[in-house]
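K.L.:
Okay, here's the structure, questions in a sec.
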There are 2 protein chains.
Amino acid sequence: MSSPRDDHEAAAADIRAVEEANTAFYEALERGDLDALSALWLPGEDLTVSCVHPGWPVLSGRGEVLRSYALIMANTEYIQFFLTDVQVAMTGDTALVTCTENILSGGPAQEGDALGPLVGQLVVATNVFRNTPEGWKLWSHHGSPVLTETGEEEDEEPTS
Amino acid sequence: MSSPRDDHEAAAADIRAVEEANTAFYEALERGDLDALSALWLPGEDLTVSCVHPGWPVLSGRGEVLRSYALIMANTEYIQFFLTDVQVAMTGDTALVTCTENILSGGPAQEGDALGPLVGQLVVATNVFRNTPEGWKLWSHHGSPVLTETGEEEDEEPTS
């Protein structure tokens, strides 16, 4: 039987591993590395993965999710994520990460320009990971725009 | 040892129970029943709950989450959810539900009116449930506005 101290250390190691998987996810996006990104999503079809990009409907299954990232990468010349408020909650083989994505991105170059215009975005994400023999893998990503603090929206009090 | 048939039936029963918990969550919101809603969120502080309302930043912990619902209920005279595309993925004690919330809601009555103006909203949600001795309880809710199909937004291709 393990001691409380061992349990505590094992839990801390798990949280570090989840944080690393979460960071690796955003680094793969920054590099536009679809192979690395694919490897970070849960394999197989038994445990169907799902993904919501900011403002998008739900995408389900590896095929649909990975195709969406290929499309986004093709239309993104430059993207950088500054993560803040990273919080990890976990139990057994499931971990739930919430974080704020402070995004700076640019589209493909327009005629005569070296880079498309840079755009800042504030997005919050809930990322659910599963522990597998190959490490922590993404089961679900849900990103959404933060509108309440910018004053850009008329309706600042969403109803659900 | 259980037979494959038993396993299959147990899994089907679990999925039904998760769907019922998911439905109960929206029914509690429709009734403005904060007690019922509180009972549907995971108790205790070990496994920190989190919640993102459409356009909001992340809320963490039962206190912050339940206060937000009290505020929303106080400002909502009428709300109805028509759920579509409900999908359940599960493993062991964790279930992940994605659904589309077709929302019709109205604010408090304005001077001389019986009811505030009704507003339609299209929101997608990822709801994560944990199995407990008291049934399936919400660990995380993340709702976000669907903007891509309405043509209301200039930037129809979010970058993450």
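K.L.:
Can you give the helix-only mean residue ellipticity at 222 nm for chain B, where every DSSP H stretch with n ≥ 4 adds -39500 (n - 2.57) and the sum goes over all residues, rounded to the nearest 500 deg cm²/dmol? Can you show the working numbers first?
P.N.:
Values: 3 runs with 48 residues, N = 160.
-10000 deg cm²/dmol, from helical runs alone.
K.L.:
Where the label is 7 Å out from Cα toward Cβ, how close does A:Gly44 come to the same position in every other copy, in nm, shortest first?
P.N.:
For A:Gly44, the inter-copy label distances come out at 2.6 nm.
K.L.:
How tilted is helix A:4-31 with respect to the longest principal axis of chain A? Cα atoms for both, answer in degrees (0 to 90, nearest 10).
P.N.:
That helix lies at roughly 20 degrees to the long axis.
K.L.:
Okay, moving on. Output, in nm with one decimal and in ascending order, the distances from the A:Asp6 label point to the matching label points of the other copies (7 Å from Cα along Cα-to-Cβ).
P.N.:
3.2
K.L.:
Given R₀ = 22 Å, what would the calculated FRET efficiency be for A:Ile15 paired with B:Arg67, taking r from the Cβ atoms and rounding to 0.05?
P.N.:
Working: r = 27 Å, r/R0 = 1.21.
So the FRET efficiency works out to roughly 0.25.
K.L.:
Starting from a label point 7 Å past Cα on the Cβ side, list the distances from B:Glu27 to the same position in the other copies, nm, shortest first.
P.N.:
4.8
K.L.:
Another question, if that's okay. Would you mind checking the radius of gyration and Dmax of segment B:4-144 based on alpha-carbon positions, in Å?
P.N.:
Both quantities, over Cα of segment B:4-144: 16.1, 63 Å.
K.L.:
Next up: Within 13 Å, Cβ to Cβ, of B:Thr23, how many net charges do the neighbouring residues add up to if Lys/Arg are +1 and Asp/Glu are -1?
P.N.:
Once all neighbours under 13 Å are counted, the net charge is -3.
K.L.:
Let me ask another. Roughly how big is the B-A contact, given as buried accessible area in Å² (both sides, 1.4 Å probe, nearest 100)? Please list the in-between numbers first.
P.N.:
Numbers: alone 9740 and 9760 Å², together 15520 Å².
The summed interface area works out to 4000 Å².
K.L.:
In Å², and per residue, what accessible area does the protein assembly as shown have when probed at 1.4 Å with the other protein chains present?
P.N.:
Roughly 49 Å² per residue, with all protein chains present.
K.L.:
Note the angle between two axes, namely the Cα long axis of helix A:62-74 and the longest principal axis of the Cα atoms of chain A, as a number of degrees from 0 to 90, rounded to the nearest 10.
P.N.:
40
K.L.:
Then there's this: Enter the accessible area of B:Tyr78 (Å², nearest 10), with the probe set to 1.4 Å and all protein chains included.
P.N.:
80
K.L.:
Shielding of B:56-67 by partners, i.e. mean partner chain Cβ atoms within 10 Å per residue?
P.N.:
Mean shielding by partner chains, rounded to a whole number: 3.
K.L.:
Which residue in chain A puts its Cβ closest to the axis that rotates chain A onto chain B, and at what distance in whole Å?
P.N.:
A:Ser144, 2
The values are calculated or read from the model by the stated rules, or taken from the named source; none is laboratory data. Model, not experiment: these values are computed from the prediction. Methodologically, a virtual Cβ is constructed for each residue, glycine included, from the backbone with ideal geometry; neighbour enumeration extends over all protein chains shown. Keep in mind that these areas ignore ligands, DNA and RNA; they rest on the heavy atoms of the full protein, side chains included. Shrake-Rupley method; radii C 1.70, N 1.55, O 1.52, S 1.80 Å.
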